Amino acid sequence: MNAFVAIVRRDLLLAARRKSEVFTALFFFMIVASLFPLGIGAETNLLRRIAPGVLWVAALLAAMLSLNRMFAADHQDGTLEQMALSPTPLALLVSGKVFAHWLTSGLPLVLLAPVLGLQFDLSPRSLGILMISLLLGTPLLSLIGAIGAALTLGVRGGGVLLSLLVLPLYIPALIFGAGAVEADMAGLGAGGHLSLLGALLALATFFAPWAATAALRIALE
Amino acid sequence: MLRAHGLACVRGDRRLFSDVDFSVSAGDWLQVEGANGAGKTSLLRIVAGLAQAADGHLEWDGQPVDTVRDEFNARLLYLGHAPSIKDDLSALENLQTAAAVAGRPLDEATALAALRRIGLKGREDLPTRVLSQGQKRRVALARLLCSQARLWILDEPFVALDVAAVALLCSILDEHLARGGMLMFTSHQAVQLAGNGASLRLS
């Protein structure tokens, strides 16, 4: 467990030294989400209807921006080899890296989403549901993304391949995440969607680190 | 004690080496030699467990390594071609985080003493990206000084080091061997170390 804490701390320290990478994703999210109200105009009914989908798609793309750097730097400077040779299971260290990735690229999106939601005239209740759905959904994006990042490690043109690989896998998160807010606005209750999102998160927390670890071992050979 | 039986390595459809046997006991060192591309790094990676051998097997204290992998890893220190240091972290932070990730946390005084001995006094807190190649190499080698591992596997440890650093590294290796450590390394230069030495030529 100490090694898990150590790797989270190391990755947070590295992110603090390279603030630009964190802020790039955050500004991307802000700008993409702000372009829609500007393009469509002040039709509040339309904006309110498209808001959950637009905010979720923007969050999804922003979370993808930093994915290809998740293991690439470690692979290049040899620290990934050291992680593989550590007495701590590699899957636990990978979980630590995924957690650190979520803290730096997922959590800021969750916190920023309600502010951006105001542009779409969402009610406070919908903003709350949006935050909860993102809180459950963004770790899922990091976990699934880790598998893709590990699979495309060291592949030429890996960035594009990564998007093609990972975006289809993001679809369930998008459907249930955006669906939760829409269902609540339609008066159907968001419980079902959020439960499914939570179930997906539990499943991915268990399996994604193992899958990513297996892919990393192949990349190391 | 580390023992290898009939190790073989295949890259694509080319056989790099086959039937490699060796053993390293406490206080012994083994220098792996061979022309460029002979498979020296591949052999070290196989022994460390980073790559799979096409044939043959490894024993650690009489047991197959695969069955005692955790214990083997806890006793192993591997330094590859890549220095495995983070450019954005200082030398001190690099040492401490590497040790913590390896599950052997290091206190600041020990780390500072190691950096001082390796010749990085006054540069402990600089980000390693401003250091020269040789100094980066020294940061990586400082990990040897903080290590309690029994088996050291070093890939070209003498590269990019000046004369004084080579002498210092030799004395560090001698101390390790005197403590009953085991050492396996590749180098193109002839090295004189204390203890029982052997060389293994790949062809």
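The values are calculated or read from the model by the stated rules, or taken from the named source; none is laboratory data. Everything quoted here is computed from the prediction, not taken from an experiment. As a convention, Cβ positions derive from the backbone with ideal geometry for all residues, glycine included, and neighbour counts pool all protein chains shown.
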Q) Any idea which of B:L131, B:L126, B:L120 is more than 12 Å from B:S147 (Cα to Cα), touching a Lys or Arg at 6+ places or on another chain (Cβ under 7 Å) and surrounded by fewer than 20 Cβ atoms within 10 Å (Cβ to Cβ)? A) B:L131
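For (1) at pLDDT below 90; (2) surrounded by 14 or more Cβ atoms within 10 Å (Cβ to Cβ); (3) more than 16 Å from the chain's Cα centre (by Cα), each residue gets a yes or a no:
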position	(1), (2), (3)
B:S171	no, no, no
B:D174	no, yes, no
B:M184	no, yes, no
B:A190	yes, no, yes
B:G195	yes, yes, yes
Q: Output the strands (runs of 3 or more DSSP E) that fall wholly within the range B:1-109 and possess 2 or more residues being surrounded by fewer than 21 Cβ atoms within 10 Å (Cβ to Cβ), or say none.
A: B:2-11, B:14-24, B:28-33, B:55-60
Q. Do you know which residues across the range A:6-34 are closer than 15 Å to A:S66 by Cα, within 14 Å of another protein chain (Cβ to nearest Cβ) and either touching a Ser or Thr at 6+ places or on another chain (Cβ under 7 Å) or assigned to a helix (DSSP H, G or I) (or both)?
A. A:D11, A:L12, A:L14, A:A15, A:A16, A:K19, A:S20, A:E21, A:V22
Q) Does the range A:8-20 include one or more residues that are among the hydroxyl-bearing types (S, T, Y), surrounded by fewer than 16 Cβ atoms within 10 Å (Cβ to Cβ) and closer than 28 Å to A:Q119 by Cβ? A) yes
Q) Which residue pairs have Cβ atoms under 6 Å apart, sit 6 or more places apart or on different chains, and have a first residue in the range B:147-161 that is without any contact (Cβ under 8 Å) to a residue 40 or more places away in the chain and a second that is assigned to a loop (DSSP other than H, G, I, E, B)? A) B:F158/B:S187
(Q) The conditions are (1) touching a residue at least 40 places away in the same chain (Cβ under 8 Å); (2) more than 14 Å from chain B (Cβ to nearest Cβ); (3) crowded, with 17+ Cβ neighbours inside 10 Å, and A:A3 fails exactly one of them. Which is it? (A) (2)
(Q) For the range A:126-135, check the following and say yes or no: at least one residue is of a type in the set (A, V, I, L, M, F, W, C), surrounded by fewer than 24 Cβ atoms within 10 Å (Cβ to Cβ), closer than 30 Å to B:S84 by Cβ and away from chain B (no Cβ under 14 Å). (A) no
Q. What residue, of B:V10, B:V47, B:V32, is within 24 Å of A:A84 (Cα to Cα), modelled with pLDDT of 90 or more and within 14 Å of chain A (Cβ to nearest Cβ)?
A. B:V47
Q | Which listed residue, of A:L153, A:L143, is under 12 Å from the mean Cα position of the chain (by Cα), in contact (Cβ under 8 Å) with a residue 60 or more places away in the chain and under 21 Å from A:A219 (Cβ atoms) | A | A:L143
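So that you can scan it fast, the table gives a plain yes or no per residue for (1) within 19 Å of the chain's Cα centre (by Cα); (2) farther than 28 Å from A:R18 by Cβ:
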site	(1), (2)
B:T41	yes, yes
B:D66	no, yes
B:H81	yes, no
B:S90	no, no
B:A111	yes, no
Q: Could you tell me which of the residues B:R129, B:R104 is facing chain A (nearest Cβ under 9 Å) and closer than 19 Å to A:L80 by Cα?
A: B:R104
Q: Output the residues belonging to the range A:155-188 that are part of a helix (DSSP H, G or I) and charged (D, E, K, R).
A: A:E182, A:D184
Q. Residue check, A:G78 against (1) touching a residue at least 24 places away in the same chain (Cβ under 8 Å); (2) in contact with a Gly (Cβ under 6 Å, 6 or more places away or on another chain), all met but one. Which one?
A. (1)
Q: Determine, yes or no, whether A:L93 is modelled with pLDDT of 90 or more, closer than 23 Å to A:G177 by Cα, buried (at least 16 other Cβ atoms within 10 Å of the Cβ) and aliphatic (A, V, I, L, M).
A: no
Q. All but one of (1) part of a strand (DSSP E or B); (2) away from chain A (no Cβ under 14 Å) hold for B:L115; which doesn't?
A. (1)
Q) What residue, of A:L143, A:L162, is crowded, with 19+ Cβ neighbours inside 10 Å, touching a Pro at 6+ places or on another chain (Cβ under 8 Å) and within 28 Å of A:W210 (Cα to Cα)? A) A:L143
